[in-house]
Amino acid sequence: MKCLRRKPMQYIGITAAFAIASSAVFATDIKGKEAVIQSPGGKYTTALEEAYIKPFELETGAKIRLVEAGADESIAAASAQVKAGKVEWDGMSSVDAPYIPKLIKDGVIEKIDTSKIPGLEKLPKAVASDYGVPVLNSVVTVSYRNADNVVPLKSVKDFFDPNIKGPRAVSSLAGEAQFICALALLSDGVSVNELTKGIDIKHCLKVIDPIKDQIAAYWANGSQMAQLMIDNSVDYCLCWDGRIIQAAQANPQWKIQHKGGIQFPSYLTYTTGTKNEDVLDAFAVYMLDPKRQAEFTKLVGYSSPNPESVAYLPENLKPFISVTPEAQAVLTTLPAALFETMSRQQVEIGKAWQEYVAK
């Protein structure tokens, strides 16, 4: 795990725009206090610092120290800290919803006093949780290259159609297998209610078999996912929306298709036993402001959960944003019960997927 040290730099722009906030938000004096928060790294960390942390620190006098660690590593580390009674991380900055049920069950994250975080009431009910503050509306869907010899995808279902020819990219990661299978099964007519009862791995692989010979690349991290699109190494990608946006900004040929995609929030969570809830609460309030969320989206690519943030985005980004009415009308929201199923089957699905990829 890598502790991130920010180089001193003059802060302009966002500070000037967002340095004024209601004193009621920061009624508790947090000046001089510090909260340690996990961050997954890469562009997410950069966006977190530029859009939120720097202006927050300047305004409040409090500090947010980031520790870089990937999703699985983070959960293992936080769990070990709580079990040992030695909490080093006050929170985790981007916990995807499918992980939440198990973290609650294992007592790794604690319930949040939502009454102390004004702004939560403006968010869609679908993202509400007593155990996390939504920071992203994450989408797993498909993208395609807008070129003469490439058939545009009209839905996620088209990605699994062997009659639509072209090199494809999917993930090789065990942790991504549950999303791949969910999309494959939904595309094959399985309902969300049926998925909630259990994800049929054999059925999933049966859907993928006809296109396996067209899978030209398996991405193993977000940067690789984006680079495959930027370099036009493939024509189609089953990807995360943020990486699609990043790729499209570098290579405008790439388009997103929301129809048939699945969405779920990612959360700022509080580690059980943290002594810095007041800093986390204040930081959460700061992160919910729609203007700041728009800045975050512009930097990281992923949609922020507050629909009001879309008004502050440039026109070229709006077609990619998942919280617009147009996108919401065609995306599938995964219910909490399905997250529990995913959590229960995650190891089994991941093992089966990696064995399948290796064949």
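Working with all protein chains in place, sort Tyr144, Tyr267 by solvent-accessible area computed with a 1.4 Å probe, largest first.
Of Tyr144, Tyr267, the descending order of accessible area is Tyr144, Tyr267.
Explain nothing, just compute: Karplus ³J(HN,Hα) = 6.51 cos²θ - 1.76 cosθ + 1.60, θ = phi - 60°, for every residue of the range 157-166 in order, whole Hz, x for Gly and Pro.
Rounded to whole hertz, the list is 3, 5, 4, 8, 8, x, 6, 8, 7, x.
Please compare each pair in Lys111/Lys318; Lys165/Lys202; Lys54/Lys122 to a cut-off of 28 Å on the Cα-Cα distance and tell me which ones are over it.
Violating the 28 Å Cα-Cα cut-off are Lys111/Lys318.
Going by alpha carbons, how many degrees (0 to 90, nearest 10) lie between the helix axis of 71-84 and the longest principal axis of the chain?
With both axes taken from Cα atoms, the answer is about 50 degrees.
Note down the accessible area of Ser39, probe 1.4 Å, to the nearest 10 Å².
Approximately 0 Å² for this residue.
Counting only residues 5 or more places away or on other chains, whose amide H sits under 5 Å from the amide H of Gly261 once H atoms are built in the peptide plane?
Counting only residues 5 or more places away or on other chains, the set is Val156, Thr332.
Only helical DSSP H runs with n ≥ 4 go in: add -39500 (n - 2.57) per run for the chain, normalise by residue count and round the 222 nm mean residue ellipticity to 500 deg cm²/dmol.
After summing the helix terms and dividing by residue count, I get -10500 deg cm²/dmol.
Just how much of Lys86 is accessible, in Å², when a 1.4 Å probe is used and the result is rounded to the nearest 10?
140 Å²
Ser233 to Lys105: extension gain in nm, 0.36 nm per residue of separation minus the Cα-Cα distance?
Stretched out fully, the Ser233 to Lys105 stretch lengthens by 41.9 nm.
Enter the Cα centre distance for the pair the range 98-164 and the range 279-345, rounded to the nearest angstrom.
8 Å
Identify, among Val142, Ala294, Met225, the residue whose Cα sits farthest towards the positive end of the charge dipole of the chain, taking +1 on the Cβ of Lys and Arg and -1 on the Cβ of Asp and Glu, with the dipole about the Cα centre.
The Cα lying farthest towards the positive end belongs to Met225.
If r is the Cβ-Cβ distance from Lys83 to Ala311 and R0 is 41 Å, what FRET efficiency results, to the nearest 0.05?
Efficiency, rounded to the nearest 0.05: 0.40.
Roughly how tilted is helix 177-187, in degrees to the nearest 10 and between 0 and 90, from the longest Cα axis of the chain?
Between helix and principal axis, roughly 60 degrees.
Would any residue of the range 77-93 have its amide N under 14 Å from a label point 7 Å out along Cα→Cβ of Lys33? List them or say none.
Hits in the range 77-93 for Lys33 at 14 Å: 90-91.
Taking Cα atoms, how many degrees apart are the long axis of helix 277-287 and the longest axis of the chain, rounded to 10 and kept between 0 and 90?
That works out to roughly 60 degrees.
Please compute the contact order of the chain in relative form: average sequence separation of alpha-carbon pairs under 8 Å and at least six residues apart, divided by the residue count, as a percent.
Taking the mean separation of contacting Cα pairs over the length of the chain, I get 26 percent.
In whole Hz, what ³J(HN,Hα) sequence does the range 101-113 give by Karplus (6.51, -1.76, 1.60; θ = phi - 60°), x for Gly and Pro?
Taking θ as phi minus 60°, the curve returns x, 5, 5, 5, 4, 7, x, 7, 10, 10, 5, 9, 7 Hz for the range 101-113.
Would you please give the FRET efficiency between Thr114 and Asn221, computed as 1/(1 + (r/R0)^6) with r the Cβ-Cβ distance and R0 = 22 Å, to the nearest 0.05?
0.05
The values are calculated or read from the model by the stated rules, or taken from the named source; none is laboratory data. These numbers were taken from a predicted model, which means no experiment stands behind them. Cβ sites come from the backbone with ideal geometry, for glycine too, and all protein chains shown count toward neighbours. Quick note on the areas: whole protein, heavy atoms, side chains included, nothing else; ligands and nucleic acids left out. Shrake-Rupley method; radii C 1.70, N 1.55, O 1.52, S 1.80 Å.
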